[in-house]
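Structure first, then comments.
The values are calculated or read from the model by the stated rules, or taken from the named source; none is laboratory data. Computed from a predicted model, the values in this text were never measured in an experiment. No Cβ is skipped: glycine too gets one built from the backbone with ideal geometry, and neighbour counts run over all protein chains shown. These accessible areas exclude ligands, DNA and RNA; they are computed on the full protein's heavy atoms, side chains included. Shrake-Rupley method; radii C 1.70, N 1.55, O 1.52, S 1.80 Å.
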Amino acid sequence: MRLPVALLAATFLASQASAQSVDVAALRDAALKDEMAWDITEGLTTEVGQRLAGTEAEARARTWAIAKLKAMGFSNPRIEPFDMPVWVRGEETAEIVAPFPQKLVLAALGNSGATPAEGITAEIIGFSSLSELEATDSAKVRGKIVFVDHAMGTTQDGSSYGAFGGARRKGPSIASKKGALAIVIRSIGTDFHRNPHTGVQQWSDGATPIPAAALTLPDAEQLKRILARGKPVRMKLVLTPRNIGTRQSGNVMAEVPGRDPKAGIVLVGCHLDSWDLGTGAIDDAAGCGIVAAAAKRVMDAGKPLRTIRVVWFGAEEVGILGGAAYRDAHKGENHAVLAESDFGADRVYRFDTYVNQSAKPVVGRLAEVLAPIGIAKGNNEARGGSDIGPLAATGVPVIALRQDGTRYFDLHHTPDDTLDKVDRSQLAQNVAAWTAMIATVANVESELGPVGPPRDD
Ligand code: ZN
Ligand code: ZN
């Protein structure tokens, strides 16, 4: 759609005028001293701890969240519950029994099948990549424990997760369909500590669940060296996770009501659940702290034009169930724009958008208010975070404040995802970025859409 120049100019002037009622730069700079995001991150990780989706711990997190959002002064804090199947971790040990007996460190992947309590012992067959496993005859794999290696490296934007994460997401189903007894992968991570990286995988159609786990990077390297000696390698594996049936999860949400209900909703989200190995400080307590602290700062500056809705999604880690439940319940509402913080707590270095060309003046305004805190303008291909993905896929504008992911996959889904990894000054820079972004988009009169569903081309 192309707007006549005169109309564009009028829209721009209108947006300038309303934006001027809020001093965005002053709000941003005050947020550089923010302590609310830290307070939320510290409180949630200390008073609740790990928050595996569908468990009583995640339920306690929802209770905690309601009390916190209420205390911060948000309107109508509430839980929207939904049911989900729940998988819980059991015992998990591995050892090489021949030719060089020794223990290895691993953790089961989400939805892993179980071994008998006494474990299984079988020969290992190693693959340097997922595609090598895919190309191998079932006859060579049948009855063995598959090991899949990969070459994930560190990337600032986290793109290596997409490129190499298939070993976790698809490896178990591929191994199962080829008749493997079990699969162990090199953790999808970038640190050389003996911390396994768990994460979800789903059994694809026709794949029988088998035991599936991630070795730490040092253990994967050790196994590679053992295999390279050329002798048959046998592993004993004990993994006893269980499916405990249907339980409740839920999305927690609250609002800053806007002056004009017809102006649409600015949704800012994160996910409340975490994996069970650490306390989910960077994934994603910090994200919840960032978006709530920023929304509170905008609220305290006066009633915005648009309604700001804070959503702390449930059950993200196990398959984006909260994001799907939110889309199903709210897709009929007018969402002006969606944004999510779910990539740790390190500084924002770039922002991407997914908006109509007619919203260029708003993007320009964002570039102006974000540049002073070191944030560059990126592209117009934002996909958002995972929880907002299902709604974004229906064609809703997205703004992505991209965080520096250089350290993220050292910690992601490991026992080491704990509060001490959060850098307080970088956390505050996030709050400043989010405050400036929310104050801008919640107060411009011009629309950010329409947009079609995002395309991957
Ligand atoms: Zn996350
Ligand atoms: Zn995660």
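Observations on the structure shown:
- Listed by first and then second residue, the pairs with beta-carbon distance under 6 Å, at least 6 apart or on different chains, first residue in the range 389-407 and crowded, with 21+ Cβ neighbours inside 10 Å, second among the hydrophobic types (A, V, I, L, M, F, W, C) and assigned to a loop (DSSP other than H, G, I, E, B), are Pro397/Val355; Pro397/Leu448; Pro397/Val451; Val398/Ala382; Ala400/Ala382; Gln403/Phe343; Gly405/Phe343.
- For the range 138-179, taking the residues that are small (Gly, Ala, Ser) and touching a Lys or Arg at 6+ places or on another chain (Cβ under 8 Å), the one that is surrounded by the most Cβ atoms within 10 Å (Cβ to Cβ) is identified as Ala167.
- Unique match (being of a type in the set (Lys, Arg) and in contact with a Ser or Thr (Cβ under 9 Å, 6 or more places away or on another chain)) among Lys236, Lys262, Lys231: Lys236
- Conditions (1) within 15 Å of ligand 1 (Cβ to nearest atom); (2) within 20 Å of His335 (Cβ to Cβ); number of the one not met by Ser274: (2)
- Test: residue in the range 252-265 that is at pLDDT below 95, assigned by TED's automatic domain parsing to the domain that holds Ala175, open to solvent by 50 Å² or more (accessible area, probe 1.4 Å) and away from ligand 2 (no atom under 16 Å from the Cβ): no
- Any hit, the range 113-122, residues being open to solvent by 20 Å² or more (accessible area, probe 1.4 Å) and under 19 Å from Asp283 (Cβ atoms): no
- One residue alone among Val291, Val310, Val337 is assigned to a helix (DSSP H, G or I) and either without any contact (Cβ under 8 Å) to a residue 60 or more places away in the chain or away from ligand 1 (no atom under 12 Å from the Cβ) (or both), and that residue is Val291.
Here is a yes/no grid of residues against (1) hydrophobic (A, V, I, L, M, F, W, C); (2) open to solvent by less than 50 Å² (accessible area, probe 1.4 Å):
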| site | (1), (2) |
| --- | --- |
| Asp34 | no, yes |
| Pro77 | no, yes |
| Asp83 | no, no |
| Ala94 | yes, yes |
| Ala107 | yes, yes |
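- Yes/no for Val451 being open to solvent by 10 Å² or more (accessible area, probe 1.4 Å) and farther than 30 Å from Gln50 by Cβ: yes
- For Pro304, the criteria (1) open to solvent by less than 10 Å² (accessible area, probe 1.4 Å); (2) within 27 Å of Arg347 (Cβ to Cβ); (3) assigned to a helix (DSSP H, G or I) hold in every case but one, which is (3).
- Qualifying positions in the range 80-116 - farther than 24 Å from Pro415 by Cα and outside any strand (DSSP E or B): Pro99, Phe100, Pro101, Pro116
- Of all residues in the range 33-74, those that are part of a helix (DSSP H, G or I) and either under 13 Å from Trp312 (Cβ atoms) or not polar (S, T, N, Q) (or both) total 26.
- In the condition set (1) part of a helix (DSSP H, G or I); (2) not assigned by TED's automatic domain parsing to the domain that holds Trp312, Arg455 is compliant with all but (1).
- Looking only at the range 117-145, residues that are free of Cβ contacts under 8 Å to residues at least 60 places away in the same chain and not in a helix (DSSP H, G or I) come to 10 in all.
- One residue stands out in the range 36-62 among those that are among the basic types (Lys, Arg) and touching a helix residue (DSSP H, G or I) at 6+ places or on another chain (Cβ under 9 Å): the one that is surrounded by the fewest Cβ atoms within 10 Å (Cβ to Cβ), namely Arg60.
- Residue identified as within 19 Å of the chain's Cα centre (by Cα), at pLDDT 95 or above and not assigned by TED's automatic domain parsing to the domain that holds Val105 among Val268, Val298: Val268
- Selection of first residues in the range 370-384 that are free of Cβ contacts under 8 Å to residues at least 60 places away in the same chain and of second residues that are in a loop (DSSP other than H, G, I, E, B) and open to solvent by less than 60 Å² (accessible area, probe 1.4 Å), restricted to Cβ pairs under 7 Å at least 6 apart or on distinct chains, gives the following pairs, ordered by first then second residue: Asn380/Val355.
- Cβ separations smaller than 7 Å between residues 6+ apart or across chains give the following pairs from the range 343-364 residues that are within 16 Å of ligand 2 (Cβ to nearest atom) to residues that are part of a strand (DSSP E or B): Phe343/Gln403; Gly344/Gln403; Asp346/Gln403.
- When residues of the range 365-377 are limited to those that are more than 30 Å from Asp420 (Cβ to Cβ) and surrounded by fewer than 18 Cβ atoms within 10 Å (Cβ to Cβ), the one farthest from ligand 2 (Cβ to nearest atom): Glu368
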